[in-house]
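The next block holds one structure in the form of structure tokens; read it before the comments.
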Amino acid sequence: MESKARTVAELVAGRWGDHRPGLWFEERTLTHHDVAAGAAARAALLADLLPPGGANIGVLLDNTPEYPLWLSAAALARTAVAGINPTRRGPELARDILHTECRVLIADRTYAPLLADLELPGVRKLLTDSEEYEALLAPYAGARPDPSRATPRDRLLLYFTSGSTGAPKAAICSQGRLAAAGRSLADQFGVGADDVHYVCMPMFHGNAVIADWAPALAAGAGVALRRRFSASGFLGDVRRYGATYFTYVGRAVQYVLATEERADDRDNPLRTGFGTEAGAVDAAAFERRFGVRLVEGYGSSEGGAAVQWSPGTPAGAVGRAGPGLVVLDPETRAECPAAVFDAAGRLLNGDEAIGELVNRAPNPFEGYWRNPEAEQERRRDGWYWTGDLFCRDANGFLYFAGRADDRIRVDGENLAAAMIENILARYEGAGAVAVYAVPDPVTGDQVMAALAGSFEASGFTAFLSAQPDLGTKMAPRFVRVVDRMPVTATNKIHRGQLRREGVHCPDPVWWRPPGEPTYRRLTRDDMKNIEGPLAPTRGPSEVRRQGLEPRTR
């Protein structure tokens, strides 16, 4: 049935009668049948709770069994689930719930305090670990899943995309698109009924649902849940549940690599990891240590563009551009010329070759919930604009250059933040690296890097000099040394925070002044020279809080 199913509802109902173990969470195990039955009961409850014509529901949960149960129930009930980000607070949290017009909000006692003082008119709150919840579900225990009314066009997901400015946008994903994505990924990675998918990324984000849960559902594979991502618990969970596949986003791979290495690390059942932004250095280190190949892919959260890696893809490239994918100058709308690299891998024409990745072919982008302005921005000229920077070589291979907000322009030349990060990741002391622009006091930008790990000025300078693919303008002017990289709720580096703080941050900042041979600590006097006479005056305590060092002469 899985190969012919066009909706998630059909996939859920297809597990009825399958008594193999299918869902693991801590000490609890559910069969595939248990999940289908639990989903049917919740769908029947929704039919009584929601108004005629349906409505959206919000889910404010960690990765517990209730999350996939409610996703499955929503598919059967032909309603949509808004994944609510638990790191949001106060008015922002209320805004997300009200904006997506949730009539029912599913939460547990962990997050009840976040909701206590919020004004949520018309929203019914259900706490999954309460007696009231059990009493509500009890009358529906005998329900059976009925997928007959569901259609591929039915909305199923409203998942918020993290933006650098303004309120998050809720991207729409239909049952048909999610079912198709699940089938495609299951085919791509050869997922079968005996596989176990480890879901450790937060399920309020599209990555965990679309790239991990959906292919497992499509293939009839099992799912093992981790309440919240834990680097120290990663390998133990994989072994405990027999996990063969997992997805990652952001810097989760770096956190796992930072755990203590053991002689038996390769003794694990994992076959594949699929995700983004691990970087070539970390991917190689992960495969060397755990014997698991990480497959890097690119896909916009909204589904408007995707690039798949294939054999023969050059080092540093994401994959070959498919039909309709082009790199355009966002101002002129003209296609950027092919990227030219020298023998060492340096991009020689970044100023003209780096542009925005645009999909001019038909694509599955289904819009944003109640946000026509954002939709129009994505669909300019009838094309899908990703908001991500790339360059494309003469053979059609695409190289990720960062987000649109990551554009760095030094001395009139466009630099690719992502490419600089890949180089800096080779530094032996780097646990994690982020590269971003800070304003140049005259014009354009200067390169700043945040580095989690150990930093030694002369050693870092020597390292930079030894990198054959580091262009003359790529070396960071400033280096912020952090104990732990700031991350978003989805474990992506919080670049917006890093950019906003710049050199005015609570961590030590090193810099390499023009004409000086190596890096040294940024001081209060340095700041006066950099920012000019209008720079704010700070006392010694404020200087230390801002990562500056009082300089004695």
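Bear in mind these aren't lab numbers, they're just calculated from the coordinates by the rules spelled out. These numbers were taken from a predicted model, which means no experiment stands behind them. Don't worry about glycine lacking a Cβ; one is built from the backbone with ideal geometry, like all the others, and counts go over all protein chains shown.
Arrange the following residues from fewest to most other Cβ atoms within 10 Å of their Cβ: ARG360, ARG500.
Values: ARG360 15, ARG500 11.
The most exposed by this proxy come first: ARG500, ARG360.
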Review point. If you add up the charges near GLY316, with Lys and Arg at +1 and Asp and Glu at -1, over every other residue whose beta carbon is less than 14 angstrom from its beta carbon, what do you get?
Key: -3
Practice item. Between THR518 and ASP411, take the C-beta separation as r, use R0 = 22 Å, and let me know the FRET efficiency to the nearest 0.05. Key: 0.55
Check your understanding: Under 14 Å from the 7 Å Cα→Cβ point of ASP18, by amide nitrogen: which residues of the range 219-238?
Key -> 219-224
Revision key, fill the gap. So, over other residues within a Cβ distance under 10 Å of GLY291, counting Lys, Arg +1 and Asp, Glu -1, the net charge is +2
Point to revise | Relative contact order [Cα under 8 Å, 6+ residues apart], the range 8-174, whole percent | key: 25 percent
Practice item. Kindly state, to the nearest 0.05, the FRET efficiency for TYR133 paired with THR87, given R0 = 30 Å and r defined as their beta-carbon distance. Key: 0.80
Check your understanding: Cα to Cα, under 22 Å, and not fewer than 8 places away if on the same chain: which lysines meet these conditions relative to LYS492?
Key -> LYS169
Review point. By average Cβ neighbour count within 10 Å, what is the ranking of 90-100, 328-338 from highest down?
Key: 90-100, 328-338
**Study point:** Cleavage-rule hits (trypsin sites (Lys or Arg not before Pro)) in the range 216-283: DSSP loop, at most 13 neighbouring Cβ within 10 angstrom
**Key:** ARG228, ARG262, ARG266
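Quote to one decimal, in nm, the extra length available between ALA404 and VAL442 on full extension: 0.36 nm per residue of separation minus the C-alpha distance between them. Display every interim value, and only then the final one.
Working: separation 38, 0.36 × 38 = 13.68 nm, distance 2.21 nm.
Answer, rounded to one decimal: 11.5 nm.
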Exercise for review: Could you bin all the Cα-Cα distances of the range 413-545 into 5 Å bins starting at 0 and give me the percent of pairs in each, rounded to whole numbers?
Suggested key: 2, 10, 20, 25, 21, 14, 7, 2, 0
Check your understanding: Using Cα atoms only, what is the angle between the long axis of helix 280-290 and the major principal axis of the chain, expressed in degrees (0 to 90) to the nearest 10?
Key -> 60 degrees
Check your understanding: Once amide H atoms are built 1.01 Å from N in the peptide plane, which residues 5 or more positions from ALA339, or in another chain, come under 5 Å H to H?
Key -> ARG392, ASP393, ALA394
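Can you tell me how much longer the chain between GLU261 and ASN529 gets when fully stretched, taken as 0.36 nm per residue apart minus their C-alpha distance, in nm with one decimal? Don't skip to the answer; put the middle values down first.
Values: separation 268, 0.36 × 268 = 96.48 nm, distance 4.50 nm.
92.0 nm is the gain from fully extending GLU261 to ASN529.
Tell me the relative contact order for the range 81-128 as a rounded percent, counting alpha carbon contacts under 8 Å between residues six or more apart. Don't jump to the answer; show the numbers that get you there.
Details: 43 pairs, mean separation 19.9, N = 48.
41 percent.
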Study note, to complete from the structure: Distance in nm between GLU331 and ALA315 label points, each 7 Å along Cα→Cβ, equals 3.5 nm
Practice item. In nm, give the distance between the simple-model label positions of ARG271 and GLU26, each being 7 Å from the Cα along the Cα-to-Cβ direction. Key: 3.1 nm
**Study point:** Segment ALA361-VAL340, extension gain: residue separation times 0.36 nm, minus the distance between their alpha carbons
**Key:** 5.0 nm
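If R0 is 22 Å, what FRET efficiency do you get for ASP483 and ARG227 from their C-beta distance, rounded to 0.05?
Details: r = 24 Å, r/R0 = 1.11.
Calculated value: 0.35.
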Point to revise | For the range 17-29, 3J(HN,Hα) per residue [Karplus equation, 6.51 cos²θ - 1.76 cosθ + 1.60, θ = phi - 60°, Hz, x = Gly/Pro] | key: x, 8, 9, 6, x, x, 9, 10, 8, 6, 9, 10, 10
Check your understanding: What is the dipole size for the chain, taken about its Cα centre, with +1 at each Lys and Arg Cβ and -1 at each Asp and Glu Cβ, in debye to the nearest 20?
Key -> 300 debye
Revision key, fill the gap. Taking Cα pairs closer than 8 Å and at least 6 residues apart, the relative contact order of the chain in percent is 9 percent
**Study point:** Inter-site label distance for ALA193 and ASP381 at 7 Å from Cα along Cβ, in nm
**Key:** 4.9 nm
Revision key, fill the gap. With T = 10 °C, eta = 1.306 mPa s and Kirkwood Rh from C-alpha pairs, the Stokes-Einstein D of the range 8-174 in µm²/s is about 97 µm²/s
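May I ask you to list the GluC sites (Glu not before Pro) in the range 237-309 that are in a DSSP loop and have at most 11 other Cβ atoms within 10 Å of their Cβ? Numbers along the way, then the final one.
Working: sites: GLU260, GLU261, GLU277, GLU287, GLU296, GLU302; in loops: GLU260, GLU261, GLU277, GLU302.
Within the range 237-309, the qualifying GluC sites (Glu not before Pro) (loop, at most 11 other Cβ atoms within 10 Å) are GLU260, GLU261.
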Check your understanding: For helix 66-77, what angle does its Cα long axis make with the longest principal axis of the chain, in degrees from 0 to 90 and rounded to 10?
Key -> 60 degrees
Point to revise | Net charge of neighbours whose Cβ lies under 12 Å from the Cβ of LEU49, counting Lys and Arg as +1 and Asp and Glu as -1 | key: +3
Check your understanding: Taking every pair of alpha-carbon atoms in the range 317-406, what share in percent sits in each 5 Å bin, from 0 to the bin with the longest distance?
Key -> 3, 14, 24, 24, 17, 9, 5, 3, 1, 0
Practice item. Per DSSP H run of n ≥ 4, the term is -39500 (n - 2.57); total these for the chain, divide by its residue number, and report the mean residue ellipticity at 222 nm rounded to 500 deg cm²/dmol. Key: -7500 deg cm²/dmol
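Quick one: if you take sqrt(5λ) for each eigenvalue of the C-alpha gyration tensor of the range 315-361, what semi-axes come out, biggest first, whole angstrom?
Details: eigenvalues 82, 43, 9 Å².
So the three semi-axes of the range 315-361 are 20, 15, 7 Å.
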